[in-house]
Amino acid sequence: MSRALGDDWTLPLLDDRNRAWFTSGRLRIQRCEACEAWQHPPEDVCGSCQGTRLRFDECGETGRVESFVVVHRAVHPKLEASVPYAVALVSLDGAQGVQVLGNVLNRAPDALAIGQPVRVVFETVPDPEGGHTLHIPQWEAIES
Amino acid sequence: MHGNSVVAGVGESTFYARGQSPDTEFQLGCTAIRKAVDDAGLALGEIDGIVSYMDSRNDPLRLAAALGLRELRWSATTWAGGGNNVAGAVQLADAAVVAGYANHVVVFRAIAQGQFGRFGQAAGLGSRAEGELAWRAPYGFLSPAHDCALHTKRFMHEYGISQEALCDVALACYANAQRNPRALRYGKPLTRERYHASPWIVEPFHLYDCCPENDGAAAIVVTRPERARDLRHRPVPILAAAQGLGPSSGLASFQGRWFPGMFYQHVGRTLWERAGVRAKDIDVLQLYENFTGPVLMTLCEMGFCAPEEVEAFVADGALEGPAARLPFNTSGGNIGEAYIHGFELVNEAIRQVRGDSTCQVPEVGLSLVVSGPGYAPGSAVLFGSN
């Protein structure tokens, strides 16, 4: 699948905190093994119980748009062909309190609304440096 | 209210459009500091403390050598962020002077985004984004305007706030700048029609909702009241200052606990308790406007009004001019005067107490600066007349 903001747009550099998000092909969020609290962005210590054993758990595939912006002025030359585009903040149905950024692929910016239910889809991109294949979580609007 | 430290002098460089300064950032900083020290009636050799914020490129040892300081007893900077630390930096100087660690402490900010990079631009972004940016860049979510717009959009949705409320903040800054010859928007008034006709930068922000980027510097000198008695100007007491709690990154700020918010609830609570006054007692307010939406949210968090009331609170010119219901950003602020990373707001707050603002509010007893919203830790400082 081609990418929302162009196939040559910047990719994430993988690290121990974001590898599960960008490569697993599932929605996986950091979770405390002791108290089972979800936590995002990932951190070394659980903010709920101060536990230090943390893993990345699957949390379903749906969410809801809590807010969004529509970018009209590109802040990078490679984005000039993509404006206007929307970036949404999505609350995850399966990970209480967690809200993530993403693009809603099947809605024009002026048709997007707060409260819109969404389901995850993945942009699959071969890692240009020969590492993991990337599966970048994105969103599609669904019927409520 | 303590008042055990005072501001003895204020100074600034000429303000320039971004990239137009003939001086380097360091030269601009030295100019502002020299002017503040001169305004205080002190000699540079008497300065023994230097404070700034946002990992200032103009470090205290380099400044001390350039300015010919004889001793440096106190140098400090604040954690994290940028304009959120304007008042926090003043608080560090206040703490040093009250504790007796230094006698005359300069607080300053110099910024030349022509010489160095721009905050709002991601031109330096490579083919792979690292750390916090790795979570944001793939989705095209990059600049402070994007962060603040995301909070503002949700806030407007929750409380039914219209675009007119954002426009009212921009109009107040422009109107006040028309009285201030230092202001870069002096002689360039804004109308509601022009606001609405201006392009979107990132919805819900039009062009005029965003402060421009500028080159310049501003500085103050903080000292003890008994040392200031014989100086050039009436000293302006620091009555109270506060720093706050907030999320550790933009991404963290979008999580349930903090979203939507500007992270000023704790700052307000601490400041009012420390000062023994309330928001309604404030005579004149300088509130950092990186963007207009965060101003509305911060007014609510600081206790000036409830979110349900904020649209009416700022309507009908309620923030414009010296006789406003709440005189606000009387020099024009970041949007109207110049974006000196918010430090120009400190100078204006002090001018209001001295009685020499270009938009002078009558009989100012309490003059408040609230630093940059949207990034933590927030901070605020209250100046007053004794």
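Residues that are in a helix (DSSP H, G or I), of a type outside the set (Phe, Trp, Tyr) and touching a residue at least 24 places away in the same chain (Cβ under 8 Å) within the stretch B:151-166 comprise B:His151, B:Thr152, B:Lys153, B:Arg154, B:Met156, B:Glu158, B:Gln163, B:Glu164, B:Ala165, B:Leu166, listed in sequence order.
Is it the case that A:Val118 is facing another protein chain (nearest Cβ under 9 Å), within 28 Å of A:Glu36 (Cα to Cα) and of a type in the set (Val, Ile, Thr)? Against the criterion (facing another protein chain (nearest Cβ under 9 Å), within 28 Å of A:Glu36 (Cα to Cα) and of a type in the set (Val, Ile, Thr)), A:Val118 does not qualify.
Regarding B:Phe108, is this residue crowded, with 24+ Cβ neighbours inside 10 Å and more than 14 Å from chain A (Cβ to nearest Cβ)? When the stated conditions are applied, B:Phe108 passes them.
If you go through the stretch B:202-248 one residue at a time, how many are acidic (Asp, Glu), more than 30 Å from B:Ala165 (Cβ to Cβ) and surrounded by 20 or more Cβ atoms within 10 Å (Cβ to Cβ)? Adding up the residues that qualify gives 1. Identify all residues within the stretch A:45-97 that are assigned to a strand (DSSP E or B), more than 7 Å from chain B (Cβ to nearest Cβ), touching a residue at least 40 places away in the same chain (Cβ under 8 Å) and not small (Gly, Ala, Ser); write none if there are none. The answer is A:Thr62, A:Arg64, A:Val65, A:Val90, A:Leu92. Scanning the stretch A:24-42 for residues that are under 25 Å from B:Gly126 (Cβ atoms) and away from chain B (no Cβ under 12 Å) gives a single hit, A:Ser24. Is there any pair with a first residue in the stretch A:113-141 that is free of Cβ contacts under 8 Å to residues at least 60 places away in the same chain and a second that is in a strand (DSSP E or B) and among the aromatic types (Phe, Trp, Tyr) whose Cβ atoms are under 6 Å apart and which are 6 or more apart or on different chains, and what are they? Close Cβ pairs (under 6 Å, with a partner that is in a strand (DSSP E or B) and among the aromatic types (Phe, Trp, Tyr)) amount to A:Val118/A:Trp139. Residues that are out of contact with any Pro (no Cβ under 9 Å at 6 or more places or on another chain) and within 8 Å of chain B (Cβ to nearest Cβ) occur at least once in the stretch A:106-114. With respect to the conditions (1) touching a residue at least 24 places away in the same chain (Cβ under 8 Å); (2) among the hydroxyl-bearing types (Ser, Thr, Tyr); (3) within 30 Å of B:Glu158 (Cβ to Cβ), A:Thr23 falls short on a single one, namely (3). Of all residues in the stretch B:275-331, those being in contact with an Asp or Glu (Cβ under 9 Å, 6 or more places away or on another chain), touching a residue at least 12 places away in the same chain (Cβ under 8 Å), farther than 17 Å from B:Val353 by Cα and of a type in the set (A, V, I, L, M, F, W, C) number 7.
At least 1 residues being touching a strand residue (DSSP E or B) at 6+ places or on another chain (Cβ under 6 Å) is the threshold, and among the helices (runs of 4 or more DSSP H) wholly inside the stretch B:259-334 those reaching it are B:265-275, B:292-301. From the residues in the stretch B:210-229 that are under 17 Å from the mean Cα position of the chain (by Cα) and not in a strand (DSSP E or B), which one is farthest from B:Trp200 (Cα to Cα)? Looking at residues that are under 17 Å from the mean Cα position of the chain (by Cα) and not in a strand (DSSP E or B), I get B:Glu213. Residues of the stretch A:108-144 that are more than 22 Å from B:Glu158 (Cβ to Cβ) and in contact with a helix residue (DSSP H, G or I) (Cβ under 9 Å, 6 or more places away or on another chain): A:Glu123, A:Asp127, A:Gly131, A:His132, A:Thr133, A:Leu134, A:His135, A:Ile136, A:Pro137, A:Gln138.
Quick one: how many residues across the stretch B:9-28 are among the small types (Gly, Ala, Ser) and in contact with a Lys or Arg (Cβ under 8 Å, 6 or more places away or on another chain)? Explain how you work it out, then say what you get.
Taking the stretch B:9-28 and keeping what is among the small types (Gly, Ala, Ser), we get B:9, B:11, B:13, B:17, B:19, B:21.
Of the ones still in play, those that are also in contact with a Lys or Arg (Cβ under 8 Å, 6 or more places away or on another chain) are B:9, B:11, B:13.
Looking only at that region, the number is 3.
Restricting attention to the stretch B:152-166, the residues that are touching a helix residue (DSSP H, G or I) at 6+ places or on another chain (Cβ under 7 Å) and buried (at least 22 other Cβ atoms within 10 Å of the Cβ) total 3. In the set (1) modelled with pLDDT of 95 or more; (2) surrounded by fewer than 17 Cβ atoms within 10 Å (Cβ to Cβ); (3) over 20 Å from A:His132 (Cβ atoms), the condition left unmet by A:Pro77 is number (1).
Identification of helices (runs of 4 or more DSSP H) wholly contained in the stretch B:52-139 with 1 or more residues that are over 20 Å from A:Val75 (Cβ atoms), in contact (Cβ under 8 Å) with a residue 60 or more places away in the chain and of a type in the set (S, T, N, Q) yields B:86-99.
The values are calculated or read from the model by the stated rules, or taken from the named source; none is laboratory data. Nothing here was measured: the structure is a model prediction, and the numbers come from that model. Counting neighbours? That spans all protein chains shown, and the Cβs are built from the backbone with ideal geometry, glycine included.
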